[in-house]
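One structure is given here, and the rest of the page talks about it.
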Amino acid sequence: MSQIVNIAICDDEKVQVELLKKYVKNWETKNNLKVNIECFYSGESFEFSWSMDKKYNILLLDIEMSGINGVDLAKKIRTEDNLLNIVFITAISDYIGEGYEVDAINYLIKPIIETKLYECLDKSVKKIHMEEKILLIDVEGKITRIKEKDIIYIEAFSHSIDIHTIDGIYTTRKNIGVIEKELDAKLFIRCHRSYIVGLKHIKRIGKTDIELDNKETIPVSRRLYSKVNKEFIRYFRGEVDE
């Protein structure tokens, strides 16, 4: 796995944080991975960082902390983020039932056994690898995750772009040419100088416009019509692997 794995450790006991950090570094070396570790000593501090930047892939989360506890924090996270892999850390097993509500990877009972942590991290990395590609978009100063497969089309304006998804519209200050390079070229096509469209969401292509499966229409330029039509046919013949 070539991407950096962003791991957050959240525990109000410094000794426990240092131990987990040591184990994660050992795991990183053992698996020849690139890991970025960030440590937090309260649920509130992690929640603030996560609210601004949802880059984290794995969260090692202590349940019994002063202030917001791990279970309540996990529930807050799940209202916006279903992709973060949460591993609960606890001294007692009373909370195991809570894990099902927030789709936790596992529970680790203190004192932590290093090999058990490895198993949770291995499982998390496999999930990350299987997940669809995610774009990180700055929306009004907050980093937001958008699943690439959910993007219907992108429209460019003078200083920003609107990303139209099945869940809504996200506006960000980015050049359309820059985001075009971030997208999977097998799944998206530039159909106009101001538009990129997701091939899976095209219903019909006309000489001057494209009808989408959400009943919207967007323009297609004469110069790009032939290329767009060719890619559309190729996609729906199953010649593209998603």
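Throughout, read-outs are computed from the coordinates displayed, never taken from laboratory work. Since this is a predicted model, take the numbers as computed values, not measurements. No Cβ is skipped: glycine too gets one built from the backbone with ideal geometry, and neighbour counts run over all protein chains shown.
Exposure proxy shown here: for PHE46, PHE188, PHE157, the number of other Cβ atoms within 10 Å sets the order, fewest to most, as PHE157, PHE188, PHE46. Suppose we keep just the DSSP beta bridges with both residues in the chain; what percent of those would be antiparallel, to 5? Bridges in the chain that DSSP calls antiparallel: roughly 60 percent. Entry for the chain at q = 0.12, 0.15, 0.18 Å⁻¹: log10 I(q)/I(0) = -0.76, -0.99, -1.23, Debye formula applied to identical alpha-carbon scatterers, no solvent contribution. Among LEU136, LEU60, LEU212, LEU20, the ranking by other beta carbons within 10 Å of each residue's beta carbon, starting with the fewest, stands as LEU136, LEU212, LEU20, LEU60. Normalised size of region 134-236, defined as Cα radius of gyration per 2.2 N^0.38 Å with N residues, equals 1.01. Legend: ranking of residues HIS164, HIS201 from fewest to most surrounding C-beta atoms inside 10 Å; resulting order HIS201, HIS164. Let me know the whole percent of all Cα-Cα pairs from region 1-74 that are separated by more than 16 Å. Pairs farther apart than 16 Å: 47 percent.
Between TYR153 and HIS164, GLY198, the built amide H atoms are under 5 Å apart, and every one of these is 5 or more places off in sequence or on another chain. Taking amide H positions as modeled 1.01 Å from N, with prolines and chain starts lacking one, the residues under 5 Å from VAL35 and 5 or more places away or on another chain are VAL5.
Check every DSSP H run in the chain and write down those whose alpha carbon atoms cover 20 angstrom or more along the long axis and whose mean Kyte-Doolittle hydropathy is -1.0 or greater. List each step's numbers first, then the result.
Values: long enough: 14-31 (26 Å, -1.09); 114-130 (24 Å, -0.67); 222-236 (22 Å, -0.91).
Flagged H segments are 114-130, 222-236.
Dividing the mean sequence gap of close Cα pairs (under 8 Å, 6+ apart) by how many residues the chain holds gives a relative contact order of 11 percent.
From the gyration tensor of the Cα coordinates in region 1-126, what semi-axes in whole Å does the equivalent ellipsoid have, largest first, with each one equal to sqrt(5λ)?
The answer is 20, 17, 14 Å, longest axis first.
Our coupling estimate for region 142-154, obtained by passing each phi through the Karplus curve with A = 6.51, B = -1.76, C = 1.60 and θ = phi - 60°, is 10, 7, 10, 8, 10, 6, 4, 5, 8, 7, 8, 7, 10 Hz, Gly and Pro reported as x.
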